[in-house]
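Data first, discussion second: the structure below is written as structure tokens.
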Amino acid sequence: MKTKLTILSMAFLLITSFGFAQKDPQSIITGKVSISKYHDRSELETLPKGNLLTLYNERIEVIVKILPNIAFATKPGVTMTSLGIPDTKDNRKALEENVKAVNTYFESTMSFQDKVLPYSDKSNLISAILFYEETLKSLHTYSEFNKY
């Protein structure tokens, strides 16, 4: 009986120690944060509308996940600690809530896009993709604006 109690106590201690183990710090920017290819108008004009819809949605995802956070970072892997932000319970909770809100917003936007975007004019879709790609290209030069 004493052996069972000892084993049960050890198992309980192990389980609780895993619960209090430190987690890796969460990145400020998470999820898909880059696109694989930039396009020109002539290339986009040869694509069927279904492919354009996919490209459009991919660019929206990257923009939604990066742009609100460019004051902190433009690439994944940057954490609050690496920026000198105190790693407090309140700050971690705020970051978790922000990530959750971004994901909720993105899912809601994609739900709307899936229903309505197929009705868009192909030339407007191409223009929007090119605009989003230019916006994403400008993120590569963001650091030039960040000099004092």
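The values are calculated or read from the model by the stated rules, or taken from the named source; none is laboratory data. A quick note: this is a predicted structure, and the numbers were derived from the prediction, not measured. Note: ideal-geometry Cβ built from the backbone for every residue, glycine included; neighbour counts use all protein chains shown. Accessible surface is based on the protein model in full, side chains and every heavy atom, while ligands, DNA and RNA are left aside. Shrake-Rupley method; radii C 1.70, N 1.55, O 1.52, S 1.80 Å.
For the structure I just gave you, tell me whether residue 106 is at pLDDT below 95, among the aromatic types (Phe, Trp, Tyr), part of a helix (DSSP H, G or I) and in contact with a helix residue (DSSP H, G or I) (Cβ under 8 Å, 6 or more places away or on another chain). Give the steps one after another, and end with the answer.
On the way: at pLDDT below 95: yes; among the aromatic types (Phe, Trp, Tyr): yes; part of a helix (DSSP H, G or I): yes; in contact with a helix residue (DSSP H, G or I) (Cβ under 8 Å, 6 or more places away or on another chain): yes.
So residue 106 passes the test.
Residues checked against (1) aliphatic (A, V, I, L, M); (2) under 27 Å from residue 115 (Cα atoms); (3) open to solvent by less than 70 Å² (accessible area, probe 1.4 Å); (4) modelled with pLDDT of 90 or more:
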| site | (1), (2), (3), (4) |
| --- | --- |
| 37 | no, yes, no, yes |
| 40 | no, yes, no, yes |
| 45 | no, yes, no, yes |
| 55 | yes, yes, yes, yes |
| 60 | yes, yes, yes, yes |
| 69 | no, no, yes, no |
| 74 | no, no, yes, no |
| 87 | no, no, no, no |
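Would you be able to say whether some residue in segment 127-136 is farther than 18 Å from residue 41 by Cα and open to solvent by 50 Å² or more (accessible area, probe 1.4 Å)? Walk me through how you get there before you give the answer.
Within segment 127-136, the subset farther than 18 Å from residue 41 by Cα is none.
Among the residues of segment 127-136, not one is farther than 18 Å from residue 41 by Cα and open to solvent by 50 Å² or more (accessible area, probe 1.4 Å), which makes the answer no.
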